[in-house]
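Any read-out appearing in this document is the output of simple, stated calculations on the displayed coordinates, not a laboratory observation. This is a predicted model, so every value here is computed, not measured. Cβ atoms come from the backbone with ideal geometry, glycine included; neighbour counts cover every protein chain shown.
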Amino acid sequence: MSPLLKRAVPLLVVMALIIPAGIYFAAKRFPAAKTPPIEAPSISPALSILGEPPDWTSLEVFQYTITREDFERLLTTVFTVGEGWRELIVIDDAAAHIRINGPQDPDFFHLRFATPTLTRPTPRGWKSAADLPPAPPGKPLEGLHIAIDPGHIGGSWAKIEARWFVVGEGTPVCEGDMTLQVTQLLKPRLESLGAKVSLVRTKAEPITPLRPESLLTFARDSGEAADSPAALQRIAERLFYRTAEIRARAKLVNDSIKPDLVLCLHFNADAWGDPTNPTLVDRSHLHFLLNGGYNDSEIALADQRYSLLEKILRRTHEEEALVASSVANTFAAVSGLPPFIYPPNSPNARPVNDNPYLWARNLLANRLYDCPVIFAEPYVMNSTIDYPRIQAGDYEGTREINGQQQLSIFREYADALTQGLAKHYQQSRKPAE
Ligand SMILES: [Zn+2]
C-alpha cells in the first residue's frame, strides 16, 4: 500500500459509513412516491370547490326545446374550447346523453331534441329585447330589469383581493371602489330611460357572510400546495373573495333580484407586480365577456358540466351576443379603445360572432347567474393612458389629460354603457303599431 493510500484509508472508512447513512436518512425524510392504489370508479361526482352536486332532474323542463343542430353548434362553437366533452356527452339524432358522475359512471341524463313535430317553448325567467312590448317614446329600457354587479369588494378588502396598487404619493387605485363609482353614475342614467335597476352591492363590503378564517378547512382540502400557514391563509382569502363572494352574489341575483340582464362592471389591468411599486404599461383596450369557452377539466366537474348544459338550454348566449354586440360597438366608438385580443387557440377563450370586442369565457359570475350576463372589461388601470384619468377622479365636463380634453373615465364608462343599451333596446324591441 502506498503511503498516500495508507493515509487515505481512515477517510475512505469514514466516507463509506457516512454516504449510506446519508442516503438512508434522506430516503426516510423524502420517501419515494408510492404508486397510488388503483381507485374504484367513484360514484360521487367531482365538483368545483364550494360547488354543490347538481340536480339533473331540474333540466327535465328543457326536453324537446332545442334542435340537435342548435345544441351541437352552441356546444362546439361557443361553449367548449377542447374535445374532452366527447367523453361525457354523447350525441345522436334523438338526444344528447350526458354522463352524470364522470367518464366511468353508467348514469346518464338524456336530453331529447326538438323535432319538426315536437318543439316545446324554452322556459325562462328573464325577458329578451324581443319579448318586450313597444317602448314608450324616450324610454327604450321601460319594462326591463337590470342588475348592476360592481366587480370586487373594494374598501378595506381591496388589498386582500389584490385589486389595489399605489404609485408614489398618488391616490391608491382600487378596482372595487371604482366599479362602485361607475355603478352610482350608471343607475340613474338607466332609470331615466325607463329601466328598473337593482344593485348587487351598494358598499365596499362582501355579500357572503363567510370570511377567510371560516374557509381554512376548505383551503386545506383544496388540493393546492400550501407549505406555510401564510400560504394557506392566502388560499383561504382567495376562496373568500373569489369563490364564496361570487357564489353569494349569484344566490342574491337568482333567488331575490331575478333580473332580465346583469351588467358585471370591471376595469381591466395588466400584471402590475409589486402593488407599492407597480409596473405601468402603455396600452389600453376593451372587451366584453359572455359565458362559454369551458375547457376539458372544467367540463369534467359535474357542477360545471351541468351549468354548461343549463346555459345552452336557457338560450342566454343568443341574447348576450346581441346585447353585448351593440354595447361593445357603442363603447368602442365613445371611448376610442381598441379591442383586447386573446391569443389564437386560447385555452379558455373563444371569439364570438367575429366581433373583436366579444369573447366567451367561463367565469364564475357569468356561469352562475341564471339570466344573460354582460361582463365588461374596459381600460387598463395600470396604463400610462388610463392611470392619469383615474387619478383625476370624477368631474363634470372635460379636462385636459395626456394633452387631450377628456371626460371623467367613470362618466365615459357609464355613458358608453347607457348609450349602447339604449341603442340596442330601441332597435330590438317590437315596433309600435
Ligand atoms: Zn375586475
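7 Å from Cα along Cα→Cβ at both Glu83 and Lys196: what's the point-to-point distance in nm?
It is 4.8 nm.
What residues qualify as long-range amide H neighbours of Gly82, i.e. H under 5 Å apart, gap of 5 or more or another chain, H built at 1.01 Å from N?
Asp296
With runs of 4+ DSSP H residues as the only contributors, calculate the mean residue ellipticity of the chain at 222 nm using -39,500 (n - 2.57) per run, divided by the residue total and rounded to the nearest 500.
That calculation yields -10000 deg cm²/dmol at 222 nm.
Starting from the Kirkwood Rh over alpha-carbon pairs, what translational D in µm² s⁻¹ does the chain have by Stokes-Einstein at 10 °C and 1.306 mPa s?
In µm²/s, the coefficient is 65.
Please check: in the Gaussian network model of the chain (C-alpha springs, under 10 Å), which one of Arg220, Arg189, Arg201 has the largest mean-square fluctuation.
Arg220
Within the stretch 83-146, which GluC sites (Glu not before Pro) sit in a loop by DSSP and count at most 16 neighbouring Cβ atoms inside 10 Å?
Here the GluC sites (Glu not before Pro) that fit, given the DSSP loop and packing criteria, are Glu83.
I need the phi-derived Karplus couplings for the stretch 204-211: 6.51 cos²θ - 1.76 cosθ + 1.60, θ = phi - 60°, integer Hz, Gly and Pro marked x.
With the stated coefficients, the stretch 204-211 comes to 7, 9, x, 7, 5, x, 6, 10 Hz.
Where does each of Lys311, Lys139, Lys203 land when they are ranked from fewest to most other beta-carbon atoms within 10 angstrom?
Ranking Lys311, Lys139, Lys203 by Cβ neighbours within 10 Å, fewest first, gives Lys203, Lys139, Lys311.
How big is the stretch 56-112 along each principal axis, measuring the range of its Cα positions in Å and listing the largest first?
The Cα atoms of the stretch 56-112 stretch 28, 27, 19 Å along their principal axes.
Taking the 0 to 90 degree range and rounding to the nearest ten, how far is the long axis of helix 409-428 tilted relative to the main principal axis of the chain, both from C-alpha atoms?
The angle comes out at about 60 degrees.
Determine one quarter of the surface area of the Cα convex hull of the stretch 330-427, which equals its mean projected area, and express it in nm² to one decimal.
8.2 nm²
Over 20 Å between Cα atoms: which of Lys196/Lys423; Lys311/Lys423; Lys203/Lys423; Lys258/Lys311; Lys159/Lys203; Lys251/Lys311 fall into that group? Please report the intermediate quantities before stating the final value.
Numbers: Lys196/Lys423 17 Å; Lys311/Lys423 26 Å; Lys203/Lys423 30 Å; Lys258/Lys311 16 Å; Lys159/Lys203 16 Å; Lys251/Lys311 16 Å.
Pairs exceeding the cut-off: Lys311/Lys423; Lys203/Lys423.
Could you list which residues have their amide H under 5 Å from that of Ala158, counting only those 5 or more apart in sequence or on another chain, with H placed in the peptide plane?
So Ala158 has HN proximity to no qualifying residue.
Show me 226-237, 167-178 ranked by packing, highest mean number of other Cβ atoms within 10 Å first.
In decreasing order of mean packing, 226-237, 167-178 become 167-178, 226-237.
Around Gly292, which amide H atoms from residues at least 5 apart in sequence, or from another chain, sit under 5 Å from its own amide H, with H modelled in the peptide plane?
Close amide H contacts, sequence-distant or interchain: Arg361, Asn362, Leu363.
At 0.36 nm per residue, minus the direct Cα-Cα distance, what do Thr115 and Ser256 gain on full extension? Give it in nm, one decimal, please.
Roughly 47.2 nm would be gained on extension.
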